[in-house]
Amino acid sequence: LRAMETAAGLRAPEAGEGDDEEEEEAEMPEDEEGMARLDAQLAELVRERVQARSAAKEAREQQLHFKMRVLELLETLLRRPSPPALLLLLPRPLLRVLGDAAGVPALRPLLERASGLIRHRVCKLSVRGAWPEASLPAARLVTELE
């Protein structure tokens, strides 16, 4: 079975494996029933590998959709007539998202959404009324934006 996994590229050969061809031949069954069992095992390995890949792809897609929903929520907050002053802290995390998404074709929608949010919403953000010193001290804002 190990020889079949290695030959199919499902597994890297271990040290000392593959040196002894007689040993590999001894593991291979000669009768049809043995070959059918081996074929079923190989099919199961391939099926498990395909399922693992599709599960990983689905997890990445769910993570992308979650990030897009978070950006949508932030955009909704930024569109309010009097947005919370804490939104002034958004440039650094959004720039981190841009850095992480740059160069990854699957994350292009996230990149475009985050860059649009920075350009059209965050850069035009203004806090009206008295400065909310309790929720966002000016010193913290300055240190966060440095």
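Derivation of every value follows stated rules applied to the coordinates shown; laboratory data play no part. All values reported here derive from a predicted model rather than from experimental measurement. Here the Cβ is made from the backbone with ideal geometry for all residues, glycine too, and neighbour counts use every protein chain on show.
Our coupling estimate for the stretch 70-79, obtained by passing each phi through the Karplus curve with A = 6.51, B = -1.76, C = 1.60 and θ = phi - 60°, is 5, 5, 5, 5, 4, 5, 4, 5, 6, 7 Hz, Gly and Pro reported as x. Note on Asp31 and Ala139: their simple-model spin labels are 8.4 nm apart, each label 7 Å out from Cα toward Cβ.
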